[in-house]
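The values are calculated or read from the model by the stated rules, or taken from the named source; none is laboratory data. None of the values given here were measured: they were computed from a predicted structure. Cβ sites come from the backbone with ideal geometry, for glycine too, and all protein chains shown count toward neighbours. Protein only, heavy atoms only, side chains kept; ligands, DNA and RNA dropped before computing areas. Shrake-Rupley method; radii C 1.70, N 1.55, O 1.52, S 1.80 Å.
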Amino acid sequence: MSVQLSDELVSLLHDRETIKLLATTDESGTPHVVAKDSIHIAEDGTIHYLEHLESSRTNHNLVRAIWFDRRVSIVIIGTHQSFQIKGRPLEVHITGPLFQKHYAEVRHRLGDVDLSGVWVIEPLEVINENPEIRRQEEEKRRPFFRHLDRLAKPLKGI
Amino acid sequence: MSLALAGTLHAALSLNEIVAKYPDIPRLIIIKTDVQRRGIHYTERALSIVDPAIHQIRSPYLFGSRDGAIKPLPESLLLRDGTTIFVDPTPLEQNPYQVDLVEGRLALVDNGEVVEFVRLWEKPLYYDQKTSSGIPMSHIASARPQRLNIFQSSYCHFWAEQKGCRFCDIVNHNKQQKHELGVPVRLKPEDVSETIREALKEPGRFTNICLTAGSVLKGKDLFDHEVDYYIETLLAIGENFATKKFPSELISSAFNEKQLIRLYEQTGIMSYTSDLEVLNEEKFNWICPGKADTLGYNEWKKRLIRAVDIFGKGNVGTGLVGGVELAKPYGFGSEDEALEATFEEAESLAVNGVTTFFIVWVPRPGSDFRGQQNPSLEYFVRLASGLHQIRAKYRLSIDFNDYRRCGNHPDTDLSRLL
Ligand code: SF4
């Protein structure tokens, strides 16, 4: 089931300084993670990723994902926040107006490069990866998961 | 009940059963294969959103459709993984898939159930232009989502001798096309050059050019005139490129070494295909009598293998009309027997660097095999999987004829990940 991205996450996705990583898996389940500048949010709330290379591992893994209903993961890292979005590829545009619009744009921006496809990824789950938030969440939900010394009374005189 | 419908009803396993039985084959490719096998029918609701200003309407093609009519219907469909479904409108009594409007989107529907959503092909900008000689450019080059097809001549000399391939309707269809649409039977190189120039003005629209025609037997050596004509057209196309070579495929008769060297050295062509149509000598002799009488099965094969030295491994292929090997009355008696024979021969070609791919046989009303039934979905899925596995085993690339640069072969769709 699709989830809506928060305003905070949307503005992080729009920020040029944000680091965006895309993780896919190959045939044997081995992860493949790469930084991808071209990940952006579309008007309908889906995430679009521009794949430049037809034969890249990421492209092959995305094809596998759309064929065999596998998930992908996108990590978004800003200065003070980070999020992980789990999603599934819904569609790839290899032709048509959306493809041609991005084809012209990337060539305008980057020079003589090619474009293989515009992948449309449906966000299924968002995890706030801010370490402090994750720690607080775990301590609330899983109170057994902590070392006792962290709870010990401070010893007098030490 | 028509023969075709009777055959469909006897199909062993349903689409969903095949999807469950072959988990390693993508469901989307199985759907494409079945849609090509059974054809489609557009509902009135679906046609209400077709806009000829945006969508590509059926343009001239070398072969006819399975309803035998030339109607202004959408050209074809795309699946969400970028797979092309190249499919004909089909009479309702043959039990095709329906293309219907569901929640504002086009969908493939079978027995009232949505199977998958689809998109229509978009019309390229050059389709609205005419050449200086006044011919609509859509009559010179027909577009696929990412490929340009040039059918330089729509006559095949095997037909003159009543020896056309039995599944083929080229001459009957092109008479109809000339009569109803005024499509020229033979293209002039200057019209082709001008059309390509116009098509290239649209950034990101095309990745490949495919040139093909019927066989021409005349010349000092057999097929010399066919070669001359291809060279002339390829040089005209090449005028538009800054590089000598450009991504392209020639589908032609089986040329001798001298002819192939001329083609490769003088033009920008990058890959070569010559169709054996069926991978068994006895069936070939029956189904392709013209090819059998002029060169014969073994010489056709030898010429393909020799072409690898000129075009390179992975750039030479042969096409099959998958399923004709089971045509009545002299085809194989069982699907297992047909697959075994086909894979054995495909492997003997692959060892020598030639790759094999197939199109789904559609018995066309203008062909000798009219009224026959094509094989089961399971047959085509096994054929696609087997040919793909042979390609993978021998590390043969299919870049010149893959899901994007062609889109008409379920087996090369599978090879997208090679
Ligand atoms: S060679 Fe056979 S399939 Fe090709 S155009 Fe001639 S008759 Fe048709």
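Overview of results
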item: One residue from B:46, B:53 being open to solvent by less than 20 Å² (accessible area, probe 1.4 Å) and more than 17 Å from residue B:378 (Cβ to Cβ); result: B:46
item: So residue A:91, is it within 10 Å of chain B (Cβ to nearest Cβ), surrounded by 11 or more Cβ atoms within 10 Å (Cβ to Cβ) and either in contact with a strand residue (DSSP E or B) (Cβ under 6 Å, 6 or more places away or on another chain) or without any contact (Cβ under 8 Å) to a residue 12 or more places away in the chain (or both); result: yes
item: Residue within segment B:222-240 that is within 14 Å of chain A (Cβ to nearest Cβ) and either farther than 22 Å from residue B:145 by Cα or at pLDDT below 95 (or both) present; result: no
item: Residues of segment B:139-181 satisfying the condition of being within 10 Å of the ligand (Cβ to nearest atom) and among the acidic types (Asp, Glu); result: B:169
item: From A:83, A:99, residue being over 10 Å from the mean Cα position of the chain (by Cα) and either within 14 Å of another protein chain (Cβ to nearest Cβ) or of a type outside the set (Val, Ile, Thr) (or both); result: A:99
item: Selected residue (only one of B:296, B:323, B:312 is open to solvent by 10 Å² or more (accessible area, probe 1.4 Å), at positive phi, more than 14 Å from every other protein chain (Cβ to nearest Cβ) and within 16 Å of the ligand (Cβ to nearest atom)); result: B:296
item: In segment B:345-387, the residues that are in contact with a Leu (Cβ under 8 Å, 6 or more places away or on another chain) and in a helix (DSSP H, G or I); result: B:345, B:346, B:349, B:350, B:377, B:378, B:379, B:382, B:383, B:384, B:385, B:386
item: Helices (runs of 4 or more DSSP H) enclosed by segment B:146-261 - at least 1 residues per element that are surrounded by fewer than 17 Cβ atoms within 10 Å (Cβ to Cβ) and in contact (Cβ under 8 Å) with a residue 12 or more places away in the chain; result: B:170-181, B:189-199, B:224-238
item: Test: residue A:11 is open to solvent by 20 Å² or more (accessible area, probe 1.4 Å), farther than 25 Å from residue B:82 by Cβ and polar (S, T, N, Q); result: yes
item: Leading residue by the ranking (nearest to the chain's Cα centre (by Cα)) among those in segment B:406-418 that are more than 10 Å from chain A (Cβ to nearest Cβ) and open to solvent by 10 Å² or more (accessible area, probe 1.4 Å); result: B:408
item: Residue in segment A:30-44 that is among the small types (Gly, Ala, Ser), open to solvent by 60 Å² or more (accessible area, probe 1.4 Å) and within 11 Å of another protein chain (Cβ to nearest Cβ) present; result: no
item: In segment A:109-158, the residues that are free of Cβ contacts under 8 Å to residues at least 40 places away in the same chain and within 30 Å of residue A:67 (Cβ to Cβ); result: A:110
item: Restricting segment B:349-391 to residues that are open to solvent by less than 40 Å² (accessible area, probe 1.4 Å) and small (Gly, Ala, Ser), the residue that is modelled with the lowest pLDDT; result: B:366
item: Pairs with Cβ under 9 Å, 6+ apart, first in segment A:57-77 and on the phi > 0 side of the Ramachandran plot, second not β-branched (Val, Ile, Thr); result: A:69/A:88; A:69/B:27
item: Scope segment A:67-77; condition open to solvent by 20 Å² or more (accessible area, probe 1.4 Å), touching a strand residue (DSSP E or B) at 6+ places or on another chain (Cβ under 8 Å) and not charged (D, E, K, R); matching residues; result: A:75, A:77
item: Condition broken by residue B:96, with the remaining ones in (1) farther than 24 Å from residue A:119 by Cα; (2) out of contact with any Gly (no Cβ under 6 Å at 6 or more places or on another chain); (3) buried (at least 23 other Cβ atoms within 10 Å of the Cβ) satisfied; result: (2)
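Rundown of residues vs (1) free of Cβ contacts under 8 Å to residues at least 60 places away in the same chain; (2) outside the structural domain of residue B:31 (by TED's automatic domain parsing); (3) hydrophobic (A, V, I, L, M, F, W, C); (4) over 26 Å from residue B:18 (Cβ atoms), yes/no style:
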| residue | (1), (2), (3), (4) |
| --- | --- |
| B:334 | yes, yes, no, no |
| B:341 | no, yes, yes, no |
| B:351 | yes, yes, yes, yes |
| B:373 | no, yes, no, no |
| B:376 | no, yes, no, no |
